[in-house]
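I have placed the structure first, in the form of structure tokens, so that the comments after it can refer back to it.
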Amino acid sequence: MTMSVTSGRSETLGPAHRRWLLVNAILIPLVVNAVSSGFIAWLTSLGEKTVPLMSIPLVQKPSTMTDTLGTFFILPFLTGILVSLAVRRDQRAGRLSGLEPSPTLPRVLSRLPGSRARRASVFGLLCLGLLGPFAALSLVLAGFGGITQSSFVLYKVVLGAGLGLVVTPVIALVAMADFRR
């Protein structure tokens with residue numbers, strides 16, 4: 001479906017944007033994040049009967065704390081790079097127009113760095129800074145350590161899928177309205 005566009009930029013979030021967000025920022029990432037998070041959790045905890053709450057990263061076995069905090073940075077960082085590339089690809093191919101900054105994209109988002117890697121780093125740091133302390137406190141208060149490997153894998157599947165559902169659409173909207181274009 002085509003949109004009425006001025007200078008390759010759309011004033012509002014049209015049907016093509018909504019469809020792109022549904023498929024590329026919700027459905028595909030839901031599956032990819034669930035599978036990749038589960039696989040990484042399974043691989044890193046292979047041979048472990050239980051996964052502790054805390055351990056020294058890269059020296060000891062995995063832990064729910066370090067894996068959770070790592071996910072809060074790595075998932076938004078990788079999403080920021082990959083989704084920005086996918087949006088740019090579809091914009092160049094004419095399948096997706098750009099968005100003008102509007103009330104749906106808060107002004108603070110327009111202050112993000114122009115480079116994909118820097119912007120992805122900001123997304124990762126924002127997620128880690130905003131969600132990390134709450135998650136760490138929740139894990140400690142819940143005593144979420146010493147869980148079985150299968151529980152750890154399931155936890156990481158849910159965490160990866162859930163975090164992806166929150167951050168991917170936001171990152172995609174920012175990429176669609178890449179303010180430096």
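Of note:
- Residue selected from the range 146-181 under the condition assigned to a loop (DSSP other than H, G, I, E, B) and touching a helix residue (DSSP H, G or I) at 6+ places or on another chain (Cβ under 9 Å), by the criterion surrounded by the most Cβ atoms within 10 Å (Cβ to Cβ): 177
- Residue list for the range 150-181, filter: β-branched (Val, Ile, Thr) and farther than 29 Å from residue 41 by Cα: 174
- Some residue of the range 122-139 being under 21 Å from the mean Cα position of the chain (by Cα) and either outside any helix (DSSP H, G or I) or closer than 19 Å to residue 20 by Cβ (or both): yes
- Among residues of the range 24-42, those that are farther than 15 Å from residue 71 by Cα and aliphatic (A, V, I, L, M), counted: 5
- The set of residues in the range 52-90 that are without any contact (Cβ under 8 Å) to a residue 24 or more places away in the chain and out of contact with any helix residue (DSSP H, G or I) (no Cβ under 7 Å at 6 or more places or on another chain) comprises 56, 58, 59, 60, 61, 66, 70, 82, 89.
- For the range 1-102, the helices (runs of 4 or more DSSP H) that sit wholly inside it and include 2 or more residues that are among the polar types (S, T, N, Q), crowded, with 19+ Cβ neighbours inside 10 Å and modelled with pLDDT of 95 or more are 28-44, 64-92.
The values are calculated or read from the model by the stated rules, or taken from the named source; none is laboratory data. Keep in mind that what you see is a predicted model, and the values were worked out from it rather than measured. With ideal geometry, Cβ positions are generated from the backbone for all residues, glycine too; neighbour counts draw on all protein chains shown.
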